[in-house]
Amino acid sequence: MARVRKSTRTETAKHWNVGIYIRLSREDKEKEEEQTGNRRGKRKSPQNVANDSSGSIVEQDKILTEWVEDYFREEHYTVVEYFTDDGLTGTDDTRDDFQRMMEFAQDGRINCIVVKTLSRAFRNYADQGRYLEQIFPRLGVRFISSGNPFVDSYHDPDAITGGMEIPINGLMNDRFAAKTSADIRRTFDAKRRRGEFIGAFAPYGYIKDPQDKNSLLVDEAVAGIVRDIFHWFVVDGMSKRGIAVKLNELGTPNPTAYKQKVQRLKYQNPNSKVNDGLWSANNVLGILKNEMYIGNMVQGRQRVISYKVHTQIKTDESEWYVVPNTHEAIISEELFLQAQSLHSRDTRTAPGKTKNYLFSGMLRCSDCKKAMRRKTSKQFVYYHCRTVVDKGAGTCIKRSIREDKIAKAVYDAIHLQIDLVQSLSNTLDTIHERPVVKTQSNRLDAMLKLRQEELDQVVKAISSLYMDWKSGDITKEDYRNMKAEFDEKSAMLKAAVENIKDEISTLANGVNAEDPYLTAFLKHQNIKELSRGIVVELIDTIYVHADGQLTIDFTFADEFKRVVDFIENNRNDLTLVGQGAVS
């Protein structure tokens, strides 16, 4: 309710409609939250307003109200409204209640603004000068700062435009904000490098650890939705739009609505005001591309332009802070990588469809390498070279192949690969049962120890050689010749040590029957028909030749070579059953 006080003076005087502006900075708010108990019940006198640098919103309200009552005791005034920005920076003028106050001033509802100090209204030197010297005078608004320096633009307007104290104070406030911003940025960067979460809100699927706000815990209430999204996209072949439609049909609130309405958080983003709580393809895409879901901390994807310009801009991926294994993963890395592979493919769905076709994004012309185009004719589905379709005959070799023939060829090729994998698996089991593997490990360990001892001796000899030269036991020419020999031997031994370490690492990380390449195929050995999930998991690209032949690049080509190399290097006289990769 507006407070009204009449002056004791009887002559006609100007009536001041006062707006009291209060701002608590982010730093002040943190201090206030930590010290609330210590400050409760204390009241400062109006004379000490300027010295109160971290008072709460309630305290500033009381102090300024008392100060106005005392200062305006000889004037007609009405306190029309209180304007409060809680936990906001003063380095720009986009604060909600500051802008609301300016609306009051522009339409004449207030003609006097009272603040605690200049820094509460402005931390930006340019803004301070613009408002005090241009905007407020043009609107006929009296501006009063109760602190140090004291400002009253009605009784002493020359202090603003003619003196040095106020401009200098504004410049100091500006530089203080710049230094504080730089300090905070360095602190945040250090936390990002350590993998500590510094965001105000946890990503969808996670919550902040109540015991450590820089750590994340899985939010089991919605983690299952994240898993469903990846499964539907990769395994079931659903489009991003189709996934959004399904989530909306299930009545699942989108991430923004979940934070605001379920978690009761004061969450805002640029689209919060128009958010209808429904999922969109962009919501789904954001989740599918977020590396946080495999346990990696990813931060720094956006930044503000400067401490004065708070507009968020996207940063290049090379500038991101990525720290692996900082929190519990919601999905496997394998599933995540499959989703990223699908993003790079042309997997558009037909109008009204929610699922991708069996071979969407998988088929390419073997000559021009462009994606094949799908077309239905006489109840059959065909794929044609896109270059020929778009640019006409002669631009590439014409080719056409039926989808059912592709499906049969791919089905047969997968089964051949499964038979090969089964053979490799059996061979690996035999290898790992032989004592030769353990013997090789012991041999490499002994060799590494020997080479490392030799290297240490050479390094010590080089050091002694230098002392011999300095003490005069050998000439400078002898020193140079002998050092060159030792340096060459040292380089050879260092290379040998690294090679042996690589061999030990390869043996330690050797291949067994649980290798991802083997298990990926073996788990499908009883399949009766192809599915989108199987095709995506096992196949990278299918090339269609002009004669109707297919070349199938399986996803695990590198892993296949690694397995075969391991067997060849360890089998001795074992016989490897089967041939190379299916093509």
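The values are calculated or read from the model by the stated rules, or taken from the named source; none is laboratory data. This is a predicted model, so every value here is computed, not measured. Note that each Cβ is placed from the backbone with ideal geometry, even for glycine, and that neighbours are counted across all protein chains shown.
Values for this structure:
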quantity	calculated
Residue match in the range 189-198 (condition: of a type outside the set (A, V, I, L, M), touching a Lys or Arg at 6+ places or on another chain (Cβ under 8 Å) and at pLDDT 85 or above)	yes
Checking residue 204 against (1) part of a loop (DSSP other than H, G, I, E, B); (2) exposed (fewer than 14 other Cβ atoms within 10 Å of the Cβ); (3) at pLDDT 85 or above; (4) of a type outside the set (A, V, I, L, M), the condition it does not meet	(2)
Enumerated helices (runs of 4 or more DSSP H) restricted to the range 1-115, each holding at least 1 residues that are modelled with pLDDT of 90 or more	57-71, 96-106
Selection status of residue 220, over 23 Å from residue 252 (Cβ atoms) and of a type outside the set (Val, Ile, Thr)	no
Residue satisfying condition, being over 20 Å from residue 536 (Cβ atoms), acidic (Asp, Glu) and at pLDDT below 85, within set 346, 316	316
Residue in the range 370-397 that is surrounded by the most Cβ atoms within 10 Å (Cβ to Cβ), counting only those that are part of a loop (DSSP other than H, G, I, E, B) and touching a strand residue (DSSP E or B) at 6+ places or on another chain (Cβ under 7 Å)	396
When residues of the range 259-273 are limited to those that are of a type in the set (S, T, N, Q) and in a helix (DSSP H, G or I), the one modelled with the highest pLDDT	260
